[in-house]
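Structure, as structure tokens:
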Amino acid sequence: MSSFFSFSAEQRLNKNNLLLKLNKLIDWQRIEQKFKRFYKKDIEDKGGERPYEPLKMFKAVLLGQWYSLSDPGLEEALNLRLDFMMFTGFELLEDCPDDTTLCKFRNKLIEKKLFKKLFQEINNQLENLGLKIKNAPGAVLDATVIESAARPKRQIEIQDDRSEKEPILNIIESKDPDSKWLKKGSKAYFGYKGFISVDSENGYINKVHVTPANIAEVNQFSELIEANNNSRVYADKGYTSKKNRDILKEKKLKDGIMCKSSKGKKLSIWEKIKNKLISKKRYIVEQAFGTLKRKFRFSRASYMGKEKVEAQFYFKAMCFNLLKGCKMVELL
């Protein structure tokens, strides 16, 4: 990016602009290294049009998730907003990717499953900066419903084939085959369950996991504590089972799963006290879901299929952790 444009843009933008701060917070060269051999052309140069720089494209896709923009909306913002231009490096109008190119790049990230490595790299950098605790004393688990981007309606097509005695019925399910129904209280949801594990100190997201909405939370416990570096795991009654408590013992982790009464057996006084103490720790994961849904508008998925929804969740988690990192810098 030209120095003249940078100087002019910085003069016009507020010094407290979040994207300017974010650009200085992260070592983007380390992020860029994750894209080695991202394009086939990197391995075998056969000529042709040179692809967009993957780091710039990743930054653009990240902004799309941060501001919950459609691909056409992101293309427009890259052409109009100075802070978007400064952050991504797309300075000239003719250099900006169109919405189709942005979509293809995001899908390529998903295809190569690179979003997981990028998420971990961002977390590693936040730890190295002292903004995130590497081995926090506790991990707090929970899940929320993410509604599908598709309509849940079942359609029935009637084909009148005169060669048949009766008309042929074709049942067409939702366009999102991985989405399932879940009933919570009096409300029914069609979509997915999004699981996260956050550290008990600052609430950074360490783990993301997505399943269809009808999958029981209790069976996802081992997935969420995989490669856990904490000493205690906090979870609500939905994760209560002998199997999960045995997993904690096997991994030598302290048990912070809430107790649940069973038929004919009420909770003891000590179990009630334990539940209250755990509840005081669990608020931090509820705050994370609140920010994801309000700030980053992730009550509903933007794409269809479990793989793409999980990738979007990882991007939202990157945005969440980066926002938290920027706010912690302000407090230092």
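The values are calculated or read from the model by the stated rules, or taken from the named source; none is laboratory data. Because the structure is a prediction, the values reported are computed rather than measured. Heads up, the Cβs are rebuilt from the backbone with ideal geometry, glycines too, and the neighbour counts pull from every protein chain shown. Areas reflect the complete protein model, heavy atoms only, side chains present, ligands, DNA and RNA absent. Shrake-Rupley method; radii C 1.70, N 1.55, O 1.52, S 1.80 Å.
Structure data summary
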| read-out | value |
| --- | --- |
| Estimated distance in nm for a label pair at LYS306 and GLU330, the labels positioned 7 Å out from Cα along Cα-to-Cβ | 3.9 |
| Cut-off 11 Å between beta-carbons: net charge of the residues surrounding SER241, Lys and Arg +1, Asp and Glu -1 | +3 |
| Amide H within-cut-off set for VAL233, under 5 Å, with H built and near neighbours excluded | ALA139, LYS254, GLY256 |
| 3J(HN,Hα) from dihedral phi, the range 256-268, Karplus parametrisation 6.51/-1.76/1.60, rounded to Hz, x for glycine, proline | x, 7, 5, 8, 10, 6, 10, 4, x, 9, 7, 6, 6 |
| Within a Gaussian network of the chain (alpha carbon springs, distance under 10 Å), most fluctuating of ILE31, ILE205, ILE146 | ILE31 |
| Structure-derived volume of the Cα convex hull per residue in Å³ - corresponding label in [x] 191; [y] 158; [z] 217 | [z] |
| Loop GluC sites (Glu not before Pro), the range 262-332, which have at most 14 other Cβ atoms in a 10 Å radius of their Cβ (DSSP) | none |
| Gyration tensor (alpha-carbon) shape descriptor, the range 96-151, a/c threshold 1.5 | oblate |
| Length-normalised contact order for the range 210-332 - Cα pairs under 8 Å, 6+ apart - percent | 20 |
| Counting DSSP beta bridges with both ends in the range 185-293, the antiparallel % (nearest 5) | 65 |
| Accessible area per residue, Å², the range 198-332 with all protein chains present, probe 1.4 Å | 54 |
| Within a Gaussian network of the chain (alpha carbon springs, distance under 10 Å), most fluctuating of VAL145, VAL61, VAL218 | VAL218 |
| For the range 55-116: accessible area per residue (Å², 1.4 Å) | 41 |
| 11 Å beta-carbon shell around GLU75, net charge (K/R +1, D/E -1) | -4 |
| DSSP beta bridge pairing in the chain, given as percent antiparallel to the nearest 5 | 75 |
| Debye intensity ratio I(q)/I(0), log10, the range 175-332, q values 0.13, 0.15, 0.19 Å⁻¹ (C-alpha model) | -0.71, -0.93, -1.35 |
| Max mean-square fluctuation residue, GNM over the chain, Cα-Cα springs under 10 Å, options LYS272, LYS295, LYS184 | LYS184 |
| Length-normalised contact order of the chain in % [C-alpha pairs under 8 Å, at least 6 apart] | 19 |
| Carbon and sulfur %, accessible surface of the range 235-332 computed with the full protein complex present, 1.4 Å | 55 |
| Under-5 Å amide H pairs with ASN206, H placed in peptide plane, nonlocal only | SER197, VAL198, ASP199 |
